[in-house]
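Engineer: Structure incoming, see below.
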Amino acid sequence: MAIERIDPELCNGCKRCVDSCPADVIRMDRESRKAVVRYAQDCVLCCWCLAECPQDAVVFTPVKTSPLFTSWG
Amino acid sequence: MNLSTNQNRLECDVLVIGGGIAACFAAIKASEQGAKVILVDKGFAGKSGQSPWANNFMAFNPDWGHKLDAWMEHINRTSEYVNNRYWTEISMKESYARYRDLLSWGVQFKKGEDGQPVRNPAPPGVTEALQFEEEAGGDWVQILRKQVLRSGVKIIDRIMVAELLKQDGRIVGCVGLPAESDELYTFIAKATILCVGACGFKPAGYPPIIQLTCDGEAMAYRAGAEILGKEFVDTHISRTDLPIGVPMVLERKKDVPEHLKVLLRRAQGKYKFNAEGERLPDRPAEASQYQYTYLESEFEAHAGRAPIYRASDSGNVQVVGGACLGMSLRKADGLWPANTRCGSSLPGLYAAGDALGNMQNGAAYALPGGAIAGCAVTATIAGEAAAQEALQMGELIVAEEESARAKQFVQAPAQRQGGYSPRWVTQLLQNTMMPYFISYIKKADRLQTTLTTVEFMQEHLVPKLFARDPHELRLAHETKNMVLSAEMRLRSALFRTESRGNHYREDYPRRDDPNWLAWTKIKEEHGQMKLIKVPIPKECWPDLSTPYEQRYPFRFPGE
């Protein structure tokens, strides 16, 4: 799934990952004010979040899976 | 989901839509004319689209010994004579001034030991490009963003513009959809510049175009603008397992963690070979040598000689085409330029960068750094022209009915309880268009069959797309725009009954100069998509008295 989560212990809430994500995958959690992965299925493995994060808080696997293709959906 | 009408209404002289180099240049240049400018971007301006991934910037400079005639002759030939020479030439001539702009704003280029910029010859050594400073790691577009702000432009990030406003035949603004809010935005503008980049179908193999979902040309088409035909396809390849381009971003900035080093195996390398171990043929020296030009891998696949591998320093990598699915050759996407000021066929609407289909590179790209330089050049022209037009206009009052119509159009998928999800329709579109024998090795019967499927998607699935939150509403509009673009691509491919550059028709494998030294454009007429052939001026034709094989050194299968 590529991006898995953002470590809340490391995240400093700078929002750079949110701004750099071209697929709108990451959001700021309103309560904790930390970045959270909201739409992981839309990650395209571009690695911008990894490159931008000053805290190395992004947990990322080098694997991208696609959903099974179904008759409707 | 409640998308209420609201107070988010902004007015300006010039509205720039997009967030890459073209958008930044257009906004700065319009602002320098004295116009009140707003830049609105789907992502975060300065990190959007393909610009942060760019390596090179073409800068033509006679003081460096560059010869215009030689550069033009090279492009005319490699483009297979369907480049628009006006735009090719102006992109070259004005590229050095745009390079100076970048320098003056603080963008760094790689320098040699003598302190001068390193000039990299592009194969086969006719043209040159300058390299962005590697350590900047794509951040040069962030420097442009800072200049945009210094110019007094208001930047609004993370709003997808989803529909244009039209009044009395003129584009007067648009409606935008914020990433995280139910409240739509209305922008009222005396002039609007589309700088939304190229177009693609969200292919997994090429992250730089994941945001570029044909939004500009789809909005413009719906409003009645003419669009450039989309038959000349981009032919990037990727690794079969992972996208290309990944290491560029990460490597530039950080030490790559051990568990992600698998990402670093590049699909770029010395040469390609097929399943039988045969090296794919070298191109003739006179043809474009640019890596992603021509359909060599697709021809091998069609002959049953896949898989294709690329030899590289880190071992052989299996590669596959379609990495850029939905994207045209550079500058062969986008709005038809109706004049030399980057105006579209609709008053009040301009386009620049890859959103302007000016055919700078014709049917086969051969100008590394030329795409991004061309963006800066056209955006400068568009920014100045749009500002001048806007500043001459009186007060602009847009009727509430038009704004309400556009908002209703944008909200519609959020008001449906069910139907078809944007992700599923996008996946269906990708599966429909991806096979090599549809989008790359083309033939009338297969194109027609696929067109029937896409027409069904247009008629039955798109009107019933549904969204449960603002993110999915964005996906719904992206999906709708991509399906429309797929129809344009298929119809254009059917229309051009010849082969040329990156457009190959198995049933018409030769160039047909008497009939097809022409461009195609697309327009909506009485609810139908109409294709129009626009002849290229005869003074731009090759000498038809020279033998065909000499005019075109690259042979297509079946010729």
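The values are calculated or read from the model by the stated rules, or taken from the named source; none is laboratory data. Worth saying up front: this structure is predicted, and the values here are computed from it rather than measured. Positions of Cβ are generated from backbone atoms using ideal geometry, with glycine treated the same way; all protein chains shown enter the neighbour counts.
Engineer: Starting from residues that are in contact with a helix residue (DSSP H, G or I) (Cβ under 9 Å, 6 or more places away or on another chain) and part of a loop (DSSP other than H, G, I, E, B), keep the ones in the range B:215-233 and report whichever is nearest to B:VAL483 (Cα to Cα).
Structural biologist: B:LYS230
Engineer: A further question on this structure: List the number of the failed condition for B:GLY65; all other conditions in (1) under 30 Å from B:ASP543 (Cβ atoms); (2) crowded, with 24+ Cβ neighbours inside 10 Å hold.
Structural biologist: Unmet condition: (2).
Engineer: Here are B:MET488, B:MET529: which of them is touching a helix residue (DSSP H, G or I) at 6+ places or on another chain (Cβ under 9 Å) and buried (at least 22 other Cβ atoms within 10 Å of the Cβ)?
Structural biologist: Unique residue meeting the criteria: B:MET488.
Engineer: When the residues of the range B:491-506 are narrowed to those that are assigned to a helix (DSSP H, G or I) and over 17 Å from the mean Cα position of the chain (by Cα), which ends up surrounded by the fewest Cβ atoms within 10 Å (Cβ to Cβ)?
Structural biologist: B:PHE495
Engineer: Select from the range B:261-288 the residues that are modelled with pLDDT of 90 or more and among the acidic types (Asp, Glu) and list them in ascending order.
Structural biologist: Listed by number, the residues that qualify are B:GLU276, B:GLU278.
Engineer: Right, something else. Looking only at the range B:29-72, which residues are within 14 Å of chain A (Cβ to nearest Cβ) and in a helix (DSSP H, G or I)?
Structural biologist: B:SER51, B:PRO52, B:TRP53
Engineer: Does at least one position in the range B:79-92 carry a residue that is within 14 Å of chain A (Cβ to nearest Cβ) and closer than 23 Å to B:PHE232 by Cβ?
Structural biologist: no
Engineer: Something else about it: Can you tell me which of (1) part of a helix (DSSP H, G or I); (2) more than 30 Å from B:LYS253 (Cα to Cα); (3) touching a residue at least 60 places away in the same chain (Cβ under 8 Å); (4) not acidic (Asp, Glu) is the one B:TYR99 doesn't meet?
Structural biologist: (2)
Engineer: Something else about it: Would you mind stating whether B:GLU113 is among the charged types (D, E, K, R), touching a residue at least 60 places away in the same chain (Cβ under 8 Å) and surrounded by fewer than 14 Cβ atoms within 10 Å (Cβ to Cβ)?
Structural biologist: It is false that B:GLU113 is among the charged types (D, E, K, R), touching a residue at least 60 places away in the same chain (Cβ under 8 Å) and surrounded by fewer than 14 Cβ atoms within 10 Å (Cβ to Cβ).
Engineer: In addition: Would you check which residues across the range A:18-72 are on the phi > 0 side of the Ramachandran plot and surrounded by fewer than 20 Cβ atoms within 10 Å (Cβ to Cβ) and list them?
Structural biologist: Of everything in the range A:18-72, those that are on the phi > 0 side of the Ramachandran plot and surrounded by fewer than 20 Cβ atoms within 10 Å (Cβ to Cβ) turn out to be A:ARG33, A:ASP56.
Engineer: Mind checking which residues of the range A:2-61 are part of a strand (DSSP E or B), within 12 Å of chain B (Cβ to nearest Cβ) and farther than 20 Å from B:LEU260 by Cβ?
Structural biologist: A:ARG27, A:MET28
Engineer: Still on this structure, I have one more. When the residues of the range B:227-260 are narrowed to those that are of a type in the set (D, E, K, R) and within 30 Å of B:LYS442 (Cβ to Cβ), which ends up modelled with the lowest pLDDT?
Structural biologist: That would be B:ASP241.
Engineer: Just one of (1) within 14 Å of chain A (Cβ to nearest Cβ); (2) out of contact with any Lys or Arg (no Cβ under 9 Å at 6 or more places or on another chain); (3) at pLDDT below 80 trips up B:GLN291, so point out which.
Structural biologist: Single failed check for B:GLN291: (1).
Engineer: Grab the strands (runs of 3 or more DSSP E) fully contained in the range B:287-404, keeping just those with 1 or more residues being surrounded by fewer than 24 Cβ atoms within 10 Å (Cβ to Cβ).
Structural biologist: In the range B:287-404, B:308-311, B:317-320 are the strands (runs of 3 or more DSSP E) which contain 1 or more residues that are surrounded by fewer than 24 Cβ atoms within 10 Å (Cβ to Cβ).
Engineer: Taking the stated definitions as given, is B:ILE75 within 26 Å of B:PRO208 (Cα to Cα), within 14 Å of chain A (Cβ to nearest Cβ) and out of contact with any His (no Cβ under 9 Å at 6 or more places or on another chain)?
Structural biologist: no
Engineer: Now a separate question. Yes or no: the range B:73-89 includes at least one residue that is surrounded by fewer than 14 Cβ atoms within 10 Å (Cβ to Cβ) and either outside the structural domain of B:ALA285 (by TED's automatic domain parsing) or within 22 Å of B:GLY353 (Cβ to Cβ) (or both).
Structural biologist: yes
Engineer: B:ARG170 - would you say it is within 30 Å of B:ASN481 (Cβ to Cβ) and within 14 Å of chain A (Cβ to nearest Cβ)?
Structural biologist: no
Engineer: Would you please name the residue that is surrounded by the most Cβ atoms within 10 Å (Cβ to Cβ), looking only at residues in the range B:415-452 that are among the small types (Gly, Ala, Ser) and within 14 Å of chain A (Cβ to nearest Cβ)?
Structural biologist: By that ranking, first place goes to B:SER421.
Engineer: Of everything in the range B:138-159, what is more than 14 Å from chain A (Cβ to nearest Cβ) and among the basic types (Lys, Arg)? Give them in sequence order.
Structural biologist: B:LYS146, B:ARG150, B:LYS154, listed by residue number.
Engineer: How many residues, within the range B:146-194, are under 14 Å from B:VAL398 (Cα atoms) and touching a residue at least 12 places away in the same chain (Cβ under 8 Å)?
Structural biologist: The total comes to 17.
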